[in-house]
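Asker: I have a structure here, written as structure tokens, and I will follow up with some questions on it.
The values are calculated or read from the model by the stated rules, or taken from the named source; none is laboratory data. Predicted model only: the values in this text are computed from it and were never measured. Heads up, the Cβs are rebuilt from the backbone with ideal geometry, glycines too, and the neighbour counts pull from every protein chain shown.
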Amino acid sequence: MDLGLDVEERDGFAVLSVRGEVDVYTAPRFRERLIELVSEGKHMIIVDLEGVDFLDSTGLGVLVGGLKRLRSHDGDLLLVCTQSRILKVFEITGLTKVFSIHDSVDAAVGGGSDGGGANA
Amino acid sequence: MLAGEAGLAGEVIELEIPARAEFVALARLVVSALAASDSNLIDERVDDLKLAVSEACTNAIEAHGKAGSDERVLVRCKAGSEALEVCVEDQGQGFDPTQLPDHPPVTDPDRLKFERGLGIPLIKALVDEVEFSPTDRGTAVRLVMRYGANGAGTS
């Protein structure tokens, strides 16, 4: 099972685009990539989940761990997600209140704490 | 549509997977394909079941890892007249689901300490009924998706 993890720079953010299924098998690679970025000094990270087909609690754990790591460096981890079945996982676990979730990378880069959409 | 017309009622389908992380995808693929072929469940509920099965299999595999067990994890799907049931049986050490720690409220900064332990709250929110029972060799998790019920976990 392939997990795509592409990184590009956008206006001071590292944008990590995740593609495929994030579960107990693929989550370790996702976690390692995030840790690598932080250790490279990238403390403002946008994780784009638009290409994710499936995400379970192990994927949530990676994101929570990443956010914690970044906050300890005065950084932040923003999410891009518009897929209802993925958003549902955040809603059920109450993590919509923990993460800043945006409709697009543009909206996330543009800032604002409205959860996205305003800049689209 | 009546369950009988879907052609699945009464069928039991079993899958045994090696207790390794790479096989969780196979288990959820098989169960979601079966659930999707059951015209009694709408797509959203199929997705809910797929996620719940993934969580249950992940827990089962972790239990095997802790117990050092090489045995397989059994996934049994049973299409009844009123519900689709999926039972995930492990041969790990077992656990007490009532002893899980409560997570702090999401507004509490300590919430970020909980990277794990989200699986069982998710299962509970996604399926209509969930039962954890100790077996001779581990734990059985029974997930029930009732036909015609509204999607769980939606607000």
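Asker: In this structure, is A:D6 touching a helix residue (DSSP H, G or I) at 6+ places or on another chain (Cβ under 6 Å), acidic (D, E) and at pLDDT 95 or above?
Answerer: Here the answer is no, as A:D6 does not meet what is asked.
Asker: Now, a different point. Give me the residue from the range B:43-61 that is within 17 Å of B:Y147 (Cβ to Cβ) and more than 8 Å from the chain's Cα centre (by Cα) and, out of that set, surrounded by the fewest Cβ atoms within 10 Å (Cβ to Cβ).
Answerer: Per the stated criteria, the residue is B:D43.
Asker: Given (1) within 14 Å of chain B (Cβ to nearest Cβ); (2) touching a residue at least 12 places away in the same chain (Cβ under 8 Å); (3) under 20 Å from B:G119 (Cβ atoms), where does A:E91 come up short, assuming only one miss?
Answerer: (2)
Asker: Name the residue, out of A:V15, A:V98, A:V105, A:V109, that is among the hydrophobic types (A, V, I, L, M, F, W, C), within 30 Å of B:G65 (Cβ to Cβ) and in contact (Cβ under 8 Å) with a residue 24 or more places away in the chain.
Answerer: It is A:V98.
Asker: Taking the range A:49-82 as the search range and keeping residues that are surrounded by fewer than 22 Cβ atoms within 10 Å (Cβ to Cβ) and either in contact (Cβ under 8 Å) with a residue 60 or more places away in the chain or among the polar types (S, T, N, Q) (or both), which one is nearest to A:L5 (Cα to Cα)?
Answerer: Going through the qualifying residues, I end up with A:T82.
Asker: Which of the residues spanning the range A:1-21 are in contact with a Leu (Cβ under 9 Å, 6 or more places away or on another chain) and at positive phi? It would help to see each step written out before you state the result.
Answerer: From the range A:1-21, those in contact with a Leu (Cβ under 9 Å, 6 or more places away or on another chain) are A:5-8, A:13-14, A:16-21; that's our starting set.
Across the range A:1-21, the qualifying residue is only A:G20.
Asker: Considering only residues that are assigned to a helix (DSSP H, G or I) and among the small types (G, A, S), look in the range B:50-72 and name the one that is farthest from the other protein chains (Cβ to nearest Cβ).
Answerer: B:A67
Asker: Moving on. When you scan the range B:110-140, how many residues do you find that are at pLDDT 75 or above and within 14 Å of chain A (Cβ to nearest Cβ)?
Answerer: Final tally of qualifying residues: 12.
Asker: Can you tell me which residues in the range A:14-37 are within 11 Å of chain B (Cβ to nearest Cβ) and outside any loop (DSSP other than H, G, I, E, B)?
Answerer: A:G20, A:E21, A:V22, A:A27, A:P28, A:R31
Asker: Something else now. Say whether the condition of being in contact with a strand residue (DSSP E or B) (Cβ under 9 Å, 6 or more places away or on another chain), within 14 Å of chain B (Cβ to nearest Cβ) and part of a helix (DSSP H, G or I) is met by at least one residue in the range A:38-46.
Answerer: no
Asker: Which of the residues spanning the range B:26-49 are in contact (Cβ under 8 Å) with a residue 60 or more places away in the chain, of a type outside the set (A, V, I, L, M), in a helix (DSSP H, G or I) and more than 10 Å from every other protein chain (Cβ to nearest Cβ)?
Answerer: Answer for the range B:26-49, where residues must be in contact (Cβ under 8 Å) with a residue 60 or more places away in the chain, of a type outside the set (A, V, I, L, M), in a helix (DSSP H, G or I) and more than 10 Å from every other protein chain (Cβ to nearest Cβ): just B:R45.
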